[in-house]
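Here the structure is laid out as structure tokens; the discussion comes afterwards.
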Protein chains: 2
Amino acid sequence: MKIAIGQSGGPTAVINASLVGFLDSINEDAQLFGIQNGYEGLVNNELINLEGQMLNRVREFKNLPGACLGSGRYKLTDDKIIQAVKHLIKNDIQTIVFIGGNGTMAALDKICQQARLMGYDLQVIGIPKTVDNDLCGTDHAPGFGSAARYVALSARDINSDLESMKNFEQVRILETMGRNAGWLAASSGLLKQSDEDGPHLICLPEDKIEKGHFLSQVKEIVQEYGMATIVMSEGFNFAGESQTQFASFNGRSVLGGISKDAEQLVKQELGLAARAEILGMHQRCSSMAVSFQDRLEAYKTGHTAAEWIKAGKSGVMVSIQRQQHIGYNYILEPQSLTRVANGGEKLLPIEFLTHRDRFYKWLEPLIGDDIINYPPSLKRRIIKHEQTIC
Amino acid sequence: MKIAIGQSGGPTAVINASLVGFLDSINEDAQLFGIQNGYEGLVNNELINLEGQMLNRVREFKNLPGACLGSGRYKLTDDKIIQAVKHLIKNDIQTIVFIGGNGTMAALDKICQQARLMGYDLQVIGIPKTVDNDLCGTDHAPGFGSAARYVALSARDINSDLESMKNFEQVRILETMGRNAGWLAASSGLLKQSDEDGPHLICLPEDKIEKGHFLSQVKEIVQEYGMATIVMSEGFNFAGESQTQFASFNGRSVLGGISKDAEQLVKQELGLAARAEILGMHQRCSSMAVSFQDRLEAYKTGHTAAEWIKAGKSGVMVSIQRQQHIGYNYILEPQSLTRVANGGEKLLPIEFLTHRDRFYKWLEPLIGDDIINYPPSLKRRIIKHEQTIC
């Protein structure tokens with residue numbers, strides 16, 4: 001039995017754990033191939049034998065960020081899909097597995113359908129991965145927990161730093177990833193312990209905020225606390241304006257830069273010293289903020305994909321279904337690739353937008369319980385109100 | 001005996017460890033005061049009693065980033081220095097201690113001289129702190145080790161991420177802090193294991209590189225490896241051009257933005273997909289990259305300052321003097337504040353510029369030995385050269 005596995009889309013800090021979870025659990029008599037550089041490698045037939053020494057080498061990447069097989073963003077046209085399936089037929093590959101997000105699952109679904117059209121019996125399995133958490137049909141996807149941990153810790157650290165320096169600068173605007181979904185930006189508030197703790201304002205793509213209202217909120221916060229830590233999703237835009245685009249790479253537009261616009265606005269309109277901090281690629285690749293729970297789940301989704309191959313499942317993505325018991329429990333269930341593909345980007349639900357405490361309760365187990373119970377951060381304001389000698 | 005201690009300049013991830021090291025070691029019969037918001041609090045007489053419950057509260061900040069007493073950048077004119085000394089006299093404070101960098105030590109030196117002029121017997125001690133490592137008279141300063149660790153890990157992570165995505169984007173330009181000194185930027189190369197590992201090019205303020213030469217180097221690197229991870233110090237400028245300034249905050253110019261200029265240059269002149277990543281404030285405040293060695297040394301410099309107060313030392317900064325034995329050893333010695341103040345910014349010495357291996361050997365013990373021995377990162381290029389089935 002010949003099986004090919006690839007990684008696609010933006011890497012995460014735990015995408016290699018999924019790959020190794022899969023490789024560790026596959027039948028020993030299977031012949032394994034790694035697809036290089038995502039779908040580009042599939043279309044161009046760039047496969048490598050994963051056996052012996054090479055398999056052991058790949059296993060060494062288990063705990064390292066980045067996609068060790070090479071990933072990428074590749075425009076998969078109908079012609080290219082046909083070409084890819086032809087290669088699979090020619091190479092006698094019966095099973096194809098991809099680790100990826102929305103675009104990856106939609107492409108897998110198309111490959112599945114194309115193979116059927118061409119009368120080729122292809123087994124297709126998807127393993128979920130995204131830092132944006134915008135993948136449908138699963139409670140969350142591996143990669144998100146570590147990215148959310150990075151964002152939450154960054155927001156706390158940057159807020160502490162700004163608080164020390166508020167006689168020099170007053171406003172910091174952190175920009176997160178997330179495309180059109182606010183999951184990552186909303187995660188920045190997880191470690192906030194009181195109103196005076198930052199982030200003081202979180203701007204999500206799901207929100208529509210007027211510029212004037214934004215400015216008056218910032219002004220009020222600075223009046224109250226002497227500073228404002230603001231978090232802004234890259235997909236956020238002020239009411240009536242379009243999203244800010246950082247660039248167009250190879251025909252794909254990349255969001256980014258709204259925090260810089262907001263920095264200018266705060267400087268010009270409020271006369272405050274402001275600084276945008278774009279969290280950037282660190283969110284998806286930092287080895288410093290890996291959530292062990294996230295890595296474990298990444299490994300388990302890979303392991304389960306391997307088990308499902310033995311069980312003959314096809315046309316499905318491994319999904320994480322949270323169980324409503326006391327504590328944190330989940331099961332891994334097959335989710336139709338077509339359903340995932342048709343679901344589009346999963347936004348932050350109304351319940352979490354209106355009840356942020358419920359969102360934090362949902363989020364807590366994913367980022368690992370080793371940072372939730374930090375010693376409480378005592379604020380300088382508390383100290384300031386104590387007796388002075390002057 | 002009345003003693004006042006303050007924190008000044010940009011915070012670090014370990015500046016509170018120095019404060020707690022000091023507080024833990026001071027004589028029990030001393031009356032302690034915390035100076036709020038750096039020199040601004042000294043001039044405005046904003047002191048707080050550090051005793052009982054308050055002392056315990058401050059101790060809770062030991063392992064947290066940011067300056068828990070409040071720090072700041074404050075222009076200390078001659079008039080304000082006189083005012084500060086008057087407050088010290090009025091409050092009967094015999095000893096003043098500040099944790100800070102170049103500006104802080106120069107200010108302490110002036111206060112010391114002013115007190116002498118005014119016939120007041122003031123004991124003055126400085127505790128070193130800077131992420132830029134540009135402080136004279138000491139092998140290195142607490143705060144630098146953790147910032148260097150952040151930079152080295154970030155460069156490795158970003159490089160892994162870019163390597164996964166090189167069919168989508170080819171160039172990343174990381175911008176570090178450091179003002180006119182290249183210590184932090186140079187630290188980015190510590191975890192590089194081979195030529196093909198990033199960072200492939202490190203641009204220091206101490207270097208003068210022509211734009212054309214820079215572009216041809218980037219082109220060559222991309223031709224060779226399919227990508228280029230570049231690190232640029234905020235203080236770097238192309239030959240014949242002036243440094244890029246991010247902003248002027250309260251009359252103080254802040255460097256920053258050269259990576260954005262370089263991004264535009266690479267896009268326009270080489271037609272490559274490029275992205276600047278400004279590492280930003282995380283370098284000085286990330287709780288994720290604290291070097292335990294750095295924190296230990298921060299604590300010890302604070303402890304030593306307290307010991308020196310008992311010993312009657314004055315007009316000195318605690319300096320770290322490395323001992324040339326096998327392994328890593330250092331002693332803490334007093335360094336004249338005047339000498340430190342007159343030394344200016346300490347740049348990367350010629351020896352480290354020309355022999356980067358010596359610099360890395362010098363740096364290694366400061367960032368902690370827990371990351372040096374990571375499993376070797378196996379490159380996709382190695383995999384790529386292995387047998388394929390096509």
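The values are calculated or read from the model by the stated rules, or taken from the named source; none is laboratory data. No experiment lies behind these values; they were computed from the predicted model shown. Methodologically, a virtual Cβ is constructed for each residue, glycine included, from the backbone with ideal geometry; neighbour enumeration extends over all protein chains shown. When the accessible area is computed, the model is the full protein with side chains, heavy atoms only, and any ligands, DNA or RNA have been set aside. Shrake-Rupley method; radii C 1.70, N 1.55, O 1.52, S 1.80 Å.
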Which numbered condition A:S242 fails, given (1) surrounded by fewer than 20 Cβ atoms within 10 Å (Cβ to Cβ); (2) out of contact with any helix residue (DSSP H, G or I) (no Cβ under 9 Å at 6 or more places or on another chain); (3) not in a loop (DSSP other than H, G, I, E, B): (3)
- prompt: Give me the pairs: first residue in the stretch B:1-15 and assigned by TED's automatic domain parsing to the domain that holds B:A298, second residue among the basic types (K, R), beta-carbon distance under 6 Å, and six or more apart or on different chains, which are they?
  reply: B:G10/B:R284; B:T12/B:K129; B:T12/B:R284; B:V14/B:R295; B:I15/B:K129
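Name the one entry in B:G6, B:G66 that is more than 11 Å from chain A (Cβ to nearest Cβ), more than 18 Å from B:L296 (Cβ to Cβ) and open to solvent by less than 50 Å² (accessible area, probe 1.4 Å).
Answer to the selection: B:G6.
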message: Going residue by residue through the stretch B:69-84, is there one that turns out to be at pLDDT below 95, among the aromatic types (F, W, Y) and assigned to a loop (DSSP other than H, G, I, E, B)?
response: yes
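Mind checking whether some residue in the stretch B:300-323 is assigned to a strand (DSSP E or B) and over 26 Å from B:Q7 (Cα atoms)?
Looking only at the stretch B:300-323, we keep the residues that are assigned to a strand (DSSP E or B), and these are B:316-323.
Keeping just the survivors that are over 26 Å from B:Q7 (Cα atoms) gives B:323.
Yes: one or more hits.
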message: Name the single residue that is surrounded by the fewest Cβ atoms within 10 Å (Cβ to Cβ) among those in the stretch A:245-255 being in contact (Cβ under 8 Å) with a residue 40 or more places away in the chain and more than 9 Å from chain B (Cβ to nearest Cβ).
response: A:G251
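Checking the conditions here, which among A:Q217, A:Q268, A:Q293 is out of contact with any strand residue (DSSP E or B) (no Cβ under 7 Å at 6 or more places or on another chain), among the polar types (S, T, N, Q) and closer than 24 Å to A:Q170 by Cβ? Talk me through it step by step, then tell me what you get.
Working: A:Q217 fails: out of contact with any strand residue (DSSP E or B) (no Cβ under 7 Å at 6 or more places or on another chain); A:Q293 fails: closer than 24 Å to A:Q170 by Cβ.
On inspection, the qualifying residue turns out to be A:Q268.
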Condition check for B:T176: of a type in the set (V, I, T), closer than 16 Å to B:F352 by Cβ, open to solvent by less than 10 Å² (accessible area, probe 1.4 Å) and within 14 Å of chain A (Cβ to nearest Cβ): yes
query: Identify, please: which residue in the stretch A:270-295 is open to solvent by 20 Å² or more (accessible area, probe 1.4 Å), over 30 Å from A:M165 (Cα atoms) and touching a Pro at 6+ places or on another chain (Cβ under 9 Å) and is, among those, farthest from the other protein chains (Cβ to nearest Cβ)?
result: A:Q293
query: Which number in (1) facing chain B (nearest Cβ under 7 Å); (2) assigned to a loop (DSSP other than H, G, I, E, B) marks the one condition that A:M54 misses?
result: (2)
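Return yes when A:I26 is away from chain B (no Cβ under 13 Å), touching a residue at least 60 places away in the same chain (Cβ under 8 Å) and open to solvent by 10 Å² or more (accessible area, probe 1.4 Å) and no when it is not.
Details: away from chain B (no Cβ under 13 Å): yes; touching a residue at least 60 places away in the same chain (Cβ under 8 Å): yes; open to solvent by 10 Å² or more (accessible area, probe 1.4 Å): yes.
So A:I26 fits the description; yes.
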task: Would you please name the residue that is most open to solvent (accessible area, probe 1.4 Å), looking only at residues in the stretch B:192-233 that are under 27 Å from the mean Cα position of the chain (by Cα) and farther than 24 Å from B:E364 by Cβ?
output: B:K208
